[in-house]
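Trainee: Dropping a structure here in structure tokens format, bear with me for questions.
What follows draws every value from the coordinates through simple rules; no lab data is involved. Keep in mind that what you see is a predicted model, and the values were worked out from it rather than measured. A quick note on method: Cβ atoms are made from the backbone with ideal geometry, for glycine too, and the neighbour counts reach across all protein chains shown.
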Amino acid sequence: MSETPEPPAAPSEAAAPSTPVPATAVPVAGELLPATRRALLHRLARAQSEGRTPSMVGAVVRDGATVWTSGRSMMEGHGPDGDTQYRIGSLTKGFVAVLVMRLRDEGLLDLTDPVERHLPGTVPGGATIAQLLAHTSGLAAETPGPWWERTAGELRPEPADVLGTAPLKHPVGRVHHYSNPGYALLGALVEKVRGRAWGDVLRAEVLEPLGMARTSLLPQAPHAGGWAVHPWADVMQPEPLHDTGLMAPAGQLWSTADDLCRWAAFLAAGDERVLSAASVAEMRTPAAAPAPDWDAGYGLGVQLLRRDGRLLAGHTGSMPGFLAALWVSVEDGVGAVVLTNVTSGPQVATAAADLVAIVAENEPRFPAPWRPRSSADPALLALTGPWYWGTNPFVLRLEAERDIELAALNGRGRGARFRAEPDGTWTGLDGYYAGETLRVVRGDDGEVRHLDLGSFVFTREPYDPDADVPGGVDPDGWR
């Protein structure tokens, strides 16, 4: 990175820098109701006031378009807007993860590859790329001293300076242990495979296609200055600003609420110019099996949160002088961003989640109108209706154009949705059968005998004697 970091802004610049930059146009969908807009502004005002922060900006995106943006500041009449840059800390990790997923989708690497295959001499223990993405590599949470977030990257010129002499703190693949150095290695991996600086790759492959012109490695005016507020007194001092060098993939980026609304829309639906919807959904899937009653988890570069029955995906971020949070509820079609310029205090993760809830609950998404299918394949229609796994009743329903759903009728079986494949089979999309193959088994006469789902046999009657039930069926039948 060739740019020279700018010093923190003076207090008068903390909320509303004076350098003008043309605002990036953000599409605006249908207006929110006045009561919803007031509730959003009230929540943001509470977060700024109670969090004792120089400034704060919030935004909401609904169905892919920004519908609300507002800012609050310690200086009357100088609130930030959607084009004011803030440092976003660990939200950077999601961007790095997208670059890695692009390499996977292009066939240039596999997520199961040991990192050593691409970066020899770096990670001991055989940790894989997927484990770095999911923070299950066993690597240390931080670099050896000094504190990398408040010191220049020149102090860590080599990967060995990032990892230290004993980087493994846990057995590889056994536990989730958040690792900033792990993402430094992922940035190095992108550079090794692409042959260019990861920041340049990010600009060309992600930021430009998504229209995120105000997201950068170093601050660009107008931007907020970073501040530390005294915990016991209403006074503050500026935080240092450094280029973190090799650690930049863990938390270097600066962005705006406008740009991050675009990012939120991407995390909800994907974009074929950057990453398919299926690959983005893979990122939003828990990478390590969570507990049955889990409320927080991690996918591939994406944090997961369950709050009040709502599943949120996104990330939080912190760097000295800055806090950030972004959450998306795919089911509700709503995402929210909160950015602020203080080291600690405001609960930005909670505030962003509350912004999502305010819109989702006050203006719930209208379901898409029911419409009949464009065509009806008689062979597929013949598969619909009841099926039995042993004595457990299921029903098969036809969805979309060729996709299907297999659901337990009594609520005590393992159901799933399935995606149609070109060879006439279906692949499980969720639950126990995710990734498993469902196929139709026919007899010599071409008639359907049963369904095979990962070796489980589903028949038209409970223990149908005419089907190939494993272990056979008692010849005397039911009695």
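Trainee: Using only the alpha-carbon atoms, what does the chain span along each of its principal axes? Please give whole angstrom values in decreasing order.
Mentor: Between the extreme Cα coordinates on each principal axis of the chain lie 87, 58, 39 Å.
Trainee: What is the spin-label model distance, in nm, from Ala233 to Leu381 if the labels are put 7 Å beyond Cα along the C-beta direction?
Mentor: Output for this residue pair reads 8.0 nm.
Trainee: I'd like the distance between the alpha-carbon centres of the range 93-136 and the range 392-453, rounded to an integer number of Å.
Mentor: 33
Trainee: Using only helices, what value at 222 nm comes out for the chain when you add -39,500 (n - 2.57) per DSSP H run of length 4 or more and divide by the total residues, to the nearest 500 deg cm²/dmol?
Mentor: My calculation for the chain gives -6500 deg cm²/dmol from helical runs alone.
Trainee: Roughly how many nanometres apart are two label points built 7 Å out from the Cα toward the Cβ at Thr425 and Leu33?
Mentor: 4.9
Trainee: Along the positive direction of the dipole of the chain (beta-carbon charges: Lys, Arg +1; Asp, Glu -1; about the Cα centre), which of Leu451, His223, Ala336 reaches farthest?
Mentor: It is His223.
Trainee: Provide the gained length on full extension for the span Asn362 to Leu311, in nm with one decimal, where the gain is 0.36 nm per separating residue minus the Cα-Cα distance. Each step should come with its number before you reach the end.
Mentor: Details: separation 51, 0.36 × 51 = 18.36 nm, distance 1.74 nm.
Full extension of this stretch gives 16.6 nm more.
Trainee: Moving on to the next point. Ranked highest first by the average count of other Cβ atoms within 10 Å around their residues, in what order do 407-413, 451-457, 123-129, 258-264 fall?
Mentor: Working: 407-413: 11.7, 451-457: 16.7, 123-129: 20.3, 258-264: 27.4.
Sorting 407-413, 451-457, 123-129, 258-264 by mean packing, highest first, produces 258-264, 123-129, 451-457, 407-413.
Trainee: What ratio of Cα Rg to 2.2 N^0.38 Å holds for the range 95-191? The partial results should precede the final answer.
Mentor: Numbers: Rg = 12.8 Å, N = 97, 2.2 N^0.38 = 12.5 Å.
For the range 95-191, the normalised Cα radius of gyration is 1.03.
Trainee: Is the shape of the range 138-232 best called rounded, prolate or oblate, per the rule: a/c under 1.5 gives rounded, else a/b larger than b/c gives prolate, else oblate, with a ≥ b ≥ c the square roots of the Cα gyration tensor eigenvalues? Kindly include the intermediate steps, with their values, before the conclusion.
Mentor: Working: a/c = 1.90, a/b = 1.19, b/c = 1.59.
Because a/c hits 1.5 or more and a/b fails to exceed b/c, the range 138-232 counts as oblate.
Trainee: Dividing the Cα convex hull volume of the range 143-197 by residue count, how many Å³ per residue is that? Before the final figure, lay out each step's value.
Mentor: Details: hull volume 5.5 nm³, N = 55.
For the range 143-197, the hull spanned by Cα atoms encloses 100 Å³ per residue.
Trainee: Going toward the positive end of the dipole of the range 236-331, with +1 on Lys and Arg Cβ and -1 on Asp and Glu Cβ, which of Trp263, Met236, Gln252 do you reach last?
Mentor: Trp263
Trainee: Which distance in nm do the two modelled labels at Thr112 and Arg373 give, with both placed 7 Å along the Cα-to-Cβ direction?
Mentor: Placing both labels 7 Å beyond Cα along the Cβ direction yields 3.3 nm.
Trainee: Follow-up. With all distinct Cα pairs included, what does the Kirkwood hydrodynamic radius of the range 378-458 come out to in Å, to one decimal, could you say? Present the calculation step by step, with values, prior to reporting the outcome.
Mentor: Working: mean 1/r = 0.0785 Å⁻¹.
Mean inverse Cα-Cα distance, inverted, gives 12.7 Å.
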